[in-house]
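Report on the following structure.
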Amino acid sequence: MLKISDLSAAELGEVLDRSSPDGLAERDQVLAGRGVALVFEHPSARTRNACEMAVVQLGGHPVTIRGEELGIDRRETAEDVARTLACYHAVIAARVERHETLERMVGALDGAGEGVPVVNLLSDEEHPLQAIADVLTVAQHFGEVQGRVIAYVGDANNVCRSLVGAASALGAQVRVASPPGYGLDDADGAEDPAGWRVDKLTSPEEAVSGADVIYTDVWVSMGQDEESQARRRAFAGYSVDAAMVAKAAKHAVVMHCLPAHRGEEITAEVLEGPQSIVWQQAANRMHATRGLLEFLMLEAEASGHRSDHRLGRAR
Ligand code: CP
Ligand code: NVA
């Protein structure tokens, strides 16, 4: 589960069904007695806490490990880290500096025949768990995602790519407005078999006009600190402010994956305003993570790939 396109539209629908906040107490304890490794090469507030609590709600035990503790490709290779964690855990989830690290972890586990899924907790390419929470939030607010117009204003980054993939799969149209040089590439989404429903724009006004959702994210993502001055210059005029929100549909909502930088990509007035649903969105990170983990565990069980470390082999 490295990219949102690793789930088909039907599978994404099933994950969303399993992500309901209702009936928490009756959840199948699909992780009972099992561990989930949560690796963080970058900081996190939402993802770490959402994941830890989701694992607990499914009866499992989360082990959070900071990047410097593991020293991926410094202390030992990403492949050896993955093989080691797979000795103890039912799932390996990782936030990495380079997406390639996740691919190498998957390759190492496939090679060893292990039935331990690897989940992307944010890479420089995608943030799929965020996108599942995002479409869950849109579905909760509007009843369904299909037919909605989502205007993403800002950097066409990891969050943007996963959002476009998830929203497209569910039948929404996404308009992405970015400054020249910071938009989606032609290659973005090309490998998604479901195809992306996206308009690539430079005008934020055009993107938000009549839209149901306005979405934004930071201009400077983790790992891009050296580019911060150039980025702040390039994104001037792309701040989501009250005048921009007024151009969207009257019923429009404002979303942001957080952390937010008030006065940069979004004004404090909009973030704290009545159309903002960012805290519902943040809360949904836990529900969406639980839904995905439940889905992955039941899939592994059904396909006979659930690993049993006590026997020292996959069964
Ligand atoms: N939205 C999100 O992933 O937040 P964190 O970086 O705090 O995990
Ligand atoms: N695009 C941001 C998202 C943070 C959750 C980053 O990668 O830093």
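Only the coordinates and a few stated rules stand behind these numbers; no lab work does. Quick caveat: nothing in here was measured; it's all calculated off a predicted structure. Backbone-built Cβ (ideal geometry, glycine too); neighbour counts: all protein chains shown.
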Could you work out which residue, out of 185, 124, 212, moves most in a Gaussian network model of the chain, that is, has the largest mean-square fluctuation with Cα springs under 10 Å? 185
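Hey, with R₀ at 25 Å, roughly what FRET efficiency would residue 199 and residue 232 work out to, going by the Cβ-Cβ distance, to 0.05?
Numbers: r = 25 Å, r/R0 = 1.02.
Computed FRET efficiency for residue 199 and residue 232: 0.50.
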Which three semi-axes in whole Å describe the equivalent ellipsoid of the chain, each the square root of 5 times a Cα gyration tensor eigenvalue, listed largest first? 33, 21, 17
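How large is the charge dipole for the chain, taken about the Cα centre, if only the Cβ atoms of Lys, Arg (+1) and Asp, Glu (-1) carry charge, to the nearest 20 debye? Can you show the working numbers first?
Numbers: 30 positive and 48 negative charges, 123 e Å.
Value, rounded to 20: 600 debye.
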Length added when fully stretched, residue 53-residue 66, from 0.36 nm per residue minus Cα-Cα: 2.9 nm
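Can you tell me the FRET efficiency between residue 84 and residue 144 if r is taken as the Cβ-Cβ distance and R0 is 45 Å, rounded to the nearest 0.05? Walk me through the numbers before you get to the answer.
Values: r = 43 Å, r/R0 = 0.95.
The value I calculate is 0.55.
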Along Cα→Cβ, 7 Å out, is where each label goes; now give me the distance between the ones at residue 298 and residue 97 in nm to one decimal. 3.9
Calculate the FRET efficiency for residue 241 and residue 75 from the Cβ-Cβ distance with a Förster distance of 45 Å, rounded to the nearest 0.05. 0.50
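As a footprinting exposure proxy, order 238, 182, 215 by other Cβ within 10 Å, with the fewest listed first. Write out the running numbers ahead of the final one.
Working: 238 22, 182 17, 215 26.
So the ranking, lowest neighbour count to highest, is 182, 238, 215.
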Cleavage-rule hits, GluC sites (Glu not before Pro), segment 117-217, DSSP coil, Cβ neighbours within 10 Å at most 10: 191
Name the residue from 65, 94, 50 whose Cα lies farthest towards the positive end of the charge dipole of segment 45-104, charges +1 on Cβ of Lys and Arg and -1 on Cβ of Asp and Glu. 50
Compute a Gaussian network model of the chain, connecting alpha carbons closer than 10 Å, and tell me which residue from 139, 131, 151 fluctuates the most. 139
Is there a quick way to get the dipole size of segment 108-165? I mean about its Cα centre, with the Cβ of Lys and Arg at +1 and of Asp and Glu at -1; what is the value in debye to the nearest 20? 260
Taking the Cβ of each residue in 162, 5, 303 as the centre, tally the other Cβ atoms inside 10 Å and list the residues starting with the fewest. 303, 5, 162
